[in-house]
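The values are calculated or read from the model by the stated rules, or taken from the named source; none is laboratory data. None of these values were measured; they are calculated from a predicted model. Ideal geometry is used to build each Cβ from the backbone, glycine not excepted, and the neighbour counts take in all protein chains shown. With ligands, DNA and RNA removed, areas are computed over all heavy atoms of the protein, side chains included. Shrake-Rupley method; radii C 1.70, N 1.55, O 1.52, S 1.80 Å.
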Amino acid sequence: MAEPVDLVIERGVVLPMTGEDQLVWDGAVAVDGNRIVAVGTTADLRRAYEPRQTIDAREQLVMPGLVNTHMHLFGSFARGLVNDLSFTPWIQKKFYVTSKGLNPDNYYLGTQFTSIEMLKTGTTAFLDCGTYQQLEEAAVNGVRDAGIRAVLARAMADVQDDLAEFLSRSDKVTRENLEHAERFIATYDGAGDGLVRAWPCPIQVTSSSDDLCVGSMELAERFDVGVVTHSNVDREDIEAHDLRFGSRPIERFNALGILNRRFVGTHMAWLSQDEVRLLEETGAAAIHCPSASMKGAYGALTRGRFPELIAAGATVGLGTDGPAAACFLDMFREVHLTAVGHKEARLDWTVVTPYQALELATIGSARAMLLEDEIGSLEPGKRADVILLDLMQPSMVPWHEDNLLANLVYSGTGSLVHTVLVDGRVVVRGGEVLTMDEAAILRAMQKEAPRFVELAREWDAKFWPQDSTKPHVFRKGTFA
């Protein structure tokens, strides 16, 4: 007798992300409640299960939702306002605009807005690296109402260096940071029926004392969560850290005893060979944000060691960064840049295969968020975070056994997304978000925008660097 289940997605091409050779043609996924029950052929699952509802996925690709391990809710209103600056003034302007402009109402609005873009392009889970203090509840409510999965990592800084100069929404005392972070985690971890996880976030390595970093890891171990920071971002970050702490960031964290499975470092463009080894040995995660690196000239592609980390089996995730950085939240674009960017930088067409790039956006990112047992692949027992992509879009046709993954990575974008499930609930159908009023949210964002434009212009008038911030001089006809 067939077993009753809530849903069977059938007749699609199923990409479980459990191995490059595991594609199931005319495949199906059975879901009961918020969990995946089975993955197999349509014929097998029809015999085994009696669904209350079916989704016909003919000419669609069924795969796990993408996991964005680095973005910033606080950047929602700063898209396109912070450009063409070196790392330190770029961070300063971003903090100036957002710290002064955000309040609980527009932070909630921005959370819904970014969730719309992520859900519509296939992201079902994200990590917010720096949830603003005093605005945490608005972010939690926004995530809950959007129906997306999130790690909200509360921003902390107790060293008033250049990067934290305009971060007005941060405790300045180490003890206060940790006490408030503990209250944040105790209150919100598991909120939204489990969609929200709460982490501590010493937001910049140069802005966080040893005591703050060690205390953050102690909280993470006590509450069984992780710790995330921006680390080894570019040359400026490395030089500033060495001046203040006398070491490179990953070496410092290893010496402090906090480089472990719970540690997540984002950008990681400038790693030494010793730091690569330490990441491999400790299980700490490195998050790759290729688009932000290309826009900010960080060097993650030309200088980074992500191919070596991937080859060594280290934990590597993928992120878009926030709307103020890359300016988009489409993870399929990040997958594409990861797959092609390192080939160009290394002059090696064999590095980072299409499947490896997809792994970073699914199971790799899930592992970095300590959620690999819950999301990142389509397997029995895991949460039903599933996306369906329309294969009959021009960018995918013709598709067949010999080119499906290549087409998806080299020519696909989030515009392929048709249906999205988070925790077994359909939140996008036919490209339309079902949990929010998209048109009303977009209009509300436009209405709020002038305040942030005013703040950006104010920063430009008061603080724009006197030099051009350009590290090189280019002569006509040459690359110097």
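Whenever a residue of the range 58-79 is closer than 20 Å to Ser377 by Cβ, its partners that are open to solvent by 10 Å² or more (accessible area, probe 1.4 Å) and among the polar types (S, T, N, Q), lying with C-beta atoms within less than 9 angstrom and at least six residues away or across chains, give the pairs Leu66/Thr121.
The set of residues in the range 353-385 that are assigned to a loop (DSSP other than H, G, I, E, B) and surrounded by 24 or more Cβ atoms within 10 Å (Cβ to Cβ) comprises Met369, Ile375, Gly376, Leu378, Ala384, Asp385. Within the range 164-192, count every residue that is in a loop (DSSP other than H, G, I, E, B), of a type outside the set (S, T, N, Q) and touching a Phe, Trp or Tyr at 6+ places or on another chain (Cβ under 8 Å). Residues flagged as in a loop (DSSP other than H, G, I, E, B), of a type outside the set (S, T, N, Q) and touching a Phe, Trp or Tyr at 6+ places or on another chain (Cβ under 8 Å) within the range 164-192 amount to 6. Taking (1) open to solvent by less than 10 Å² (accessible area, probe 1.4 Å); (2) of a type in the set (A, V, I, L, M); (3) over 23 Å from Ile238 (Cα atoms) in turn, Ala312 satisfies each apart from (1).
Val31 - would you say it is closer than 24 Å to Ala406 by Cα, outside any loop (DSSP other than H, G, I, E, B) and of a type in the set (A, V, I, L, M)? It is false that Val31 is closer than 24 Å to Ala406 by Cα, outside any loop (DSSP other than H, G, I, E, B) and of a type in the set (A, V, I, L, M). In the set (1) under 21 Å from Val67 (Cβ atoms); (2) not in a strand (DSSP E or B), Trp270 fails one condition alone, (1).
Got a number for residues in the range 59-95 being closer than 20 Å to Gln204 by Cα, in a helix (DSSP H, G or I) and either in contact with a Lys or Arg (Cβ under 9 Å, 6 or more places away or on another chain) or among the small types (Gly, Ala, Ser) (or both)? Talk me through it step by step, then tell me what you get.
Taking the range 59-95 and keeping what is closer than 20 Å to Gln204 by Cα, we get 68-76, 78, 82-83, 85-95.
Imposing the further condition that a residue be in a helix (DSSP H, G or I) reduces the set to 73-76, 78, 87-95.
Add one more test, that the residue is either in contact with a Lys or Arg (Cβ under 9 Å, 6 or more places away or on another chain) or among the small types (Gly, Ala, Ser) (or both), and what stays is 74-76, 78, 87, 95.
Matching residues across the range 59-95 total 6.
Selection of the range 14-37 for residues being farther than 18 Å from Ala361 by Cβ and either in contact with a helix residue (DSSP H, G or I) (Cβ under 6 Å, 6 or more places away or on another chain) or surrounded by 20 or more Cβ atoms within 10 Å (Cβ to Cβ) (or both) yields Asp26, Gly27, Ala28, Val29, Ala30, Val31, Ile36, Val37.
For the range 193-210, the criterion of being on the phi > 0 side of the Ramachandran plot and assigned to a strand (DSSP E or B) is met by no residue.
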